[in-house]
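The values are calculated or read from the model by the stated rules, or taken from the named source; none is laboratory data. Owing to the predicted nature of the structure, the values given are computational and were not obtained by experimental measurement. Using ideal geometry, Cβ is built from the backbone for each residue, glycine included, and neighbour counts are taken over all protein chains shown. For the accessible areas, the whole protein counts, side chains as well, though only heavy atoms, and no ligand, DNA or RNA atoms are used. Shrake-Rupley method; radii C 1.70, N 1.55, O 1.52, S 1.80 Å.
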Amino acid sequence: MIKEDFKIFLDSAPDAMVIINKNGEIEIANRQTENLFGYDLDELIGEKVEKLVPAEYRDKHIQHRTGFYDDIKTRPMGAGLDLYGARKDGSKFPVEISLSPVKMKDEVFVAAAIRDITERKKTEYALHALNRQLEESNKELESFSYSVSHDLRAPLRHIIGFSNKIMSTQFDKFDDNGKRIMKKITDAGSKLNSLIDELLKFTRIGNTELTRRKVNINNIVNEIITDLSQSETTQSIDWQIETLPEVYADPNQINHVLQNLLYNAVKYSSIRENPVIKVKHEILDDEHVFSVMDNGIGFNNEYKEKLFGMFNRLHNESQFEGTGIGLAIVKRIILKHGGRVWGEGELDKGASFYFTLPKNNV
Ligand SMILES: Nc1ncnc2c1ncn2[C@@H]1O[C@H](COP(=O)(O)OP(=O)(O)O)[C@@H](O)[C@H]1O
Ligand SMILES: [Mg+2]
């Protein structure tokens, strides 16, 4: 009766199960073993378990099998190795195997649960391929924008140089309309110049490897605020900065992130008489969550995803100047660090920007 129950129990397992004696011979196998390997039970019982292993791995398997008895415990087989099973028809398939010792009477047997992971391997492979493709097109895009920005620079420098020359030597010769147009040309020139600068910054950040170390976020924020406080217009800001932790990150790049977020907070709250800018931190699960909040002009929350796109701006140049690259850089850096970034806004109330950094490694 016990034996019958045991057989029912084994046959109901989702994996192929085989029980092997000290000599490596199959004592018991369940129905899934028949299905998976294409043998009938009577072709397996009493046979060496290597019958189920592809020919090229059999010698190694015998060594490992004998080794298992020297250090007998429950564990996955061949951790970190790609394991394969062999069907009766000679075909090979990837498997995952867990081993456990089974003591029956006075003998120790080994029970192996064998799972076919063909589908999982396929998905993994497809994911890898997709990842490689993505990396490739990212690189292409980077080198494209890098060379374009370099190539644009030279002619632009001429335009700026010559129009400045006209401005300084012949400005008086123009009538009012001519003066206005000349002013527009030089303004547009310097605007284009700063766009190219930012674009280069963006590609440079994409190309540099992260050099992570311990970074004190409090120090970084304080330095940026000290810099910002040199200007008249920032005197009225009420800075509310929580105690911020040390993180494991690239100091330069995290500096970029905080600069962009704090400069934005200053810029978009400059319309207030009493601007308040808060920097907060909390730990959620295995992440640090940082936030920068202001009580400025805010934005329509419907567009909160758009802000992080390259050159995307919700406010126009005449109201607030900018290039629309800052948040794209922020996103890029945070993603490289394995974090997340998002923003929440309410028109005419203010905006909050959040980013996370993994908590490990400190
Ligand atoms: N603190 C903020 N308050 C309101 N809007 C913001 C804030 N920060 C960013 N934005 C919006 O997101 C857009 C993109 O920001 P960013 O990439 O830094 O570009 P830029 O500052 O050059 O305009 C801004 O143009 C603005 O519309
Ligand atoms: Mg900005």
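Annotations for the structure displayed:
- Scanning the range 42-100 for residues that are of a type in the set (Phe, Trp, Tyr) and farther than 21 Å from Lys122 by Cα returns Tyr57, Phe68, Tyr69.
- A search for C-beta distances below 8 Å between a residue of the range 205-225 that is touching a residue at least 24 places away in the same chain (Cβ under 8 Å) and farther than 24 Å from Ser143 by Cα and any residue that is aliphatic (A, V, I, L, M) and assigned to a loop (DSSP other than H, G, I, E, B), counting only pairs 6+ apart in sequence or on different chains, returns Lys214/Val362; Asn216/Leu244; Ile217/Leu244; Asn218/Leu244; Val221/Leu244.
- Among residues of the range 318-334 being part of a loop (DSSP other than H, G, I, E, B) and either free of Cβ contacts under 8 Å to residues at least 60 places away in the same chain or open to solvent by less than 20 Å² (accessible area, probe 1.4 Å) (or both), the one that is farthest from ligand 2 (Cβ to nearest atom) is Ser318.
- Residues that are farther than 17 Å from Ala86 by Cβ and within 44 Å of the chain's Cα centre (by Cα) were ranked within the range 16-60; the one that is surrounded by the most Cβ atoms within 10 Å (Cβ to Cβ) is Asn30.
- Candidate set: the range 77-94, residues that are within 39 Å of the chain's Cα centre (by Cα) and open to solvent by 80 Å² or more (accessible area, probe 1.4 Å); chosen: the one modelled with the highest pLDDT: Lys92
Results for (1) assigned to a loop (DSSP other than H, G, I, E, B); (2) away from ligand 2 (no atom under 16 Å from the Cβ); (3) among the charged types (D, E, K, R); (4) loosely packed, with under 13 Cβ neighbours inside 10 Å, shown as yes or no for each residue.
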position: Ile205; (1), (2), (3), (4): no, no, no, no
position: Ile220; (1), (2), (3), (4): no, yes, no, no
position: Glu223; (1), (2), (3), (4): no, yes, yes, no
position: Asp227; (1), (2), (3), (4): no, no, yes, no
position: Val247; (1), (2), (3), (4): no, yes, no, no
position: Asn252; (1), (2), (3), (4): no, yes, no, no
position: Tyr263; (1), (2), (3), (4): no, no, no, no
position: Glu273; (1), (2), (3), (4): yes, yes, yes, yes
position: Ile283; (1), (2), (3), (4): no, yes, no, yes
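- Of the residues making up the range 333-353, those that are in contact with a strand residue (DSSP E or B) (Cβ under 8 Å, 6 or more places away or on another chain) and within 19 Å of Glu305 (Cβ to Cβ) number 13.
- Filter pass, Lys278 being assigned to a strand (DSSP E or B) and more than 23 Å from the chain's Cα centre (by Cα): yes
- Yes/no for Glu302 being farther than 21 Å from Ile333 by Cβ, open to solvent by 20 Å² or more (accessible area, probe 1.4 Å) and part of a helix (DSSP H, G or I): yes
- Members of the range 1-54 that are small (Gly, Ala, Ser) and assigned to a loop (DSSP other than H, G, I, E, B): Ser12, Ala13, Gly24, Gly38, Gly46
- Asn312 being within 12 Å of ligand 2 (Cβ to nearest atom) and either small (Gly, Ala, Ser) or farther than 13 Å from Asn264 by Cα (or both): yes
- Cβ separations smaller than 8 Å between residues 6+ apart or across chains give the following pairs from the range 54-76 residues that are of a type in the set (A, V, I, L, M) to residues that are open to solvent by less than 100 Å² (accessible area, probe 1.4 Å) and assigned to a helix (DSSP H, G or I): Ile62/Glu50.
- A Cβ distance below 7 Å, combined with a sequence gap of six or more or placement on separate chains, defines the contacts here; from the range 291-313, residues that are in the same structural domain as Phe353 (by TED's automatic domain parsing) reach residues that are assigned to a loop (DSSP other than H, G, I, E, B) and of a type in the set (S, T, N, Q) in the pairs Asp294/Ser269; Asn295/Ser269; Gly296/Ser269; Lys306/Asn312.
- Residues located in the range 288-305, provided they are within 14 Å of ligand 2 (Cβ to nearest atom) and either within 26 Å of the chain's Cα centre (by Cα) or of a type in the set (S, T, N, Q) (or both): Val292
- Scope the range 151-166; condition more than 16 Å from Leu200 (Cα to Cα), touching a residue at least 24 places away in the same chain (Cβ under 8 Å) and open to solvent by less than 80 Å² (accessible area, probe 1.4 Å); matching residues: Ile160, Ser163
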